[in-house]
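The values are calculated or read from the model by the stated rules, or taken from the named source; none is laboratory data. Note that the structure is a prediction, hence the values are computed from the model and not measured. Keep in mind that these areas ignore ligands, DNA and RNA; they rest on the heavy atoms of the full protein, side chains included. Shrake-Rupley method; radii C 1.70, N 1.55, O 1.52, S 1.80 Å.
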Amino acid sequence: QVQLVESGGGLVQPGGSLGLSCSASGSILSIYIMGWYRQAPGKQRELVAVIIRGGTTKYADSVKGRFTISRDNAKNMVDLQMNSVKPEDTAVYYCYVNERGNEYWGQGIQVTVSS
């Protein structure tokens, strides 16, 4: 089993910046994919950004150029730096990990973009 603990989040004004962090612990041998998804009220959960162990990244079109994902393989951590945030970025953000084919999700952390 892998446990995920998310931190960061909260309230931010439009155009501002916010960072999310996720730390994985437990029975970890090799985490292949780490990333972030989000779910806004009334909408389906969607991919925000993921990063493969070798460093390849994938972003949702809606966040390209504004968000940056990074990971520390030694610490089993993944960060999401969100810049130039918009009200439509408001959602619950979930950390995601794929460890040897097993998928794990964090409990979710609220991000609210509002003036």
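Data overview
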| quantity | calculated |
| --- | --- |
| The chain, accessible area per residue, ligands and nucleic acids excluded (1.4 Å, Å²) | 53 |
| Average Cα contact separation per residue, the chain, under 8 Å, 6 or more apart, as relative contact order % | 37 |
| Hits among lysines - C-alpha to C-alpha of Lys86 under 23 Å, sequence gap 8 or more where chains match | Lys43, Lys58, Lys64 |
| DSSP bridge orientation in the chain - percent antiparallel, rounded to nearest 5 | 95 |
| Per-residue ³J(HN,Hα) for segment 99-115, Karplus 6.51 cos²θ - 1.76 cosθ + 1.60, θ = phi - 60°, Hz, x for Gly and Pro | 10, 6, x, 8, 9, 9, 10, x, 6, x, 9, 7, 10, 10, 10, 7, 8 |
| Protein accessible area in the chain, 1.4 Å probe - carbon and sulfur % | 46 |
